[in-house]
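Taking it in order: structure first as structure tokens, then the write-up.
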């Protein structure tokens with residue numbers, strides 16, 4: 001079955017530095033790759049996503065890159081701020097669209113605890 | 001507010017009891033899910049429903065029984081609770097691939 005590996009498990013950076021989190025997926029049929037941010041005691045919140053027909057996507061300080069050949073995708077956060085501190089999860093999904101997306105099972109990575117030091 | 005909501009937020013109970021968690025979404029989505037997040041923060045899908053029909057059942061023990069009375073609601077009933085059921089349970093709904101999570105229910109089994 002699908003497996004998603006995520007590294008590093010913890011990441012500490014100084015405010016203003018960049019942070020990079022990397023994920024690898026196993027199923028080459030995966031075609032949708034979201035990233036979620038989860039603050040302590042809160043719900044996972046979608047921050048950015050990318051589909052397999054795109055190699056890179058950017059939204060202000062956040063960017064995601066996808067290498068389909070290597071089955072790698074990465075989250076890049078620039079100019080980090082203390083409020084970026086949270087657990088970040090990558091995920092991969094094989095989206096067939098059947099049943100309105102109900103078959104689109106998200107397989108999550110194990111999470112990265114990002115700490116941004118002021 | 002448009003959102004995915006869950007009740008209760010916290011649930012503390014004894015082993016062997018039966019409990020339910022309720023989820024509602026007013027986003028107009030056809031698809032809803034239940035996820036379990038364990039103490040190591042690992043998020044794993046349990047079930048998905050599309051318009052009241054069960055689509056995904058991820059080898060969850062049959063003590064867990066989801067029920068969808070309509071496409072806006074997906075409840076989770078758990079029989080004979082065990083210590084290992086302690087976790088945070090998240091409901092989610094989706095349009096196409098994008099999934100939106102509820103606030104979670106922290107279940108503690110004593």
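Throughout, read-outs are computed from the coordinates displayed, never taken from laboratory work. What you see is a predicted model; the values in this text were computed from it and never measured. Note: ideal-geometry Cβ built from the backbone for every residue, glycine included; neighbour counts use all protein chains shown.
Could you grab the relative contact order for chain B? Cα pairs under 8 Å, six or more apart, rounded to a whole percent.
Value for chain B: 37 percent.
Please list B:97-106, B:54-63 highest first by mean number of surrounding beta-carbon atoms within 10 Å per residue.
Highest to lowest by the protection proxy: B:97-106, B:54-63.
Could you check the spin-label model distance between residue B:110 and residue A:69? Points 7 Å from the Cα along Cα→Cβ, value in nm.
Once both label points are built, they end up 5.9 nm from each other.
Based on alpha-carbon centroids, what's the gap between the stretch B:10-84 and the stretch A:1-71 in Å, whole number please?
26 Å
What does a probe at residue B:80 reach in the stretch B:1-25, counting residues whose amide N is under 13 Å from the point 7 Å along Cα→Cβ?
Taking a point 7 Å out along Cα→Cβ of residue B:80, the residues of the stretch B:1-25 whose backbone N falls under 13 Å are B:16-18.
Can you tell me the Rg and the Dmax, both Å, for the Cα atoms in chain A?
14.0, 46
Using Cα-Cα distances under 8 Å and only pairs 6 or more residues apart, what relative contact order does chain A have, in percent?
Relative contact order comes out at 35 percent.
Write down Rg/Rh for the protein assembly as shown, rounded to two decimals, with Rg from the C-alpha atoms and Rh from the Kirkwood relation over Cα pairs.
Rounded to two decimals, Rg/Rh equals 0.97.
Which of the peptides A:16-22, B:12-18 is most tightly packed, and how do the rest follow, going by the mean number of other Cβ atoms within 10 Å of each residue?
Averaged packing, sorted descending, gives the order A:16-22, B:12-18.
Using 7 Å Cα-to-Cβ label points, what is the residue A:56/residue A:78 separation (nm, one decimal)?
If labels sit at residue A:56 and residue A:78, their model points lie 1.0 nm apart.
May I ask you to derive the FRET efficiency for residue B:9 and residue A:3 from their Cβ-Cβ distance with R0 = 45 Å, giving the value to the nearest 0.05?
Numbers: r = 32 Å, r/R0 = 0.71.
The computed FRET efficiency comes out at 0.90.
For chain B, how big is Rg over Rh, using alpha carbon atoms and the Kirkwood form of Rh?
On the Cα set of chain B, Rg over Rh gives 0.94.
Cut-off is 10 Å between beta-carbons; in what order do B:46, B:32 appear when sorted fewest neighbours first?
Arranged by neighbour count, lowest to highest, B:46, B:32 become B:46, B:32.
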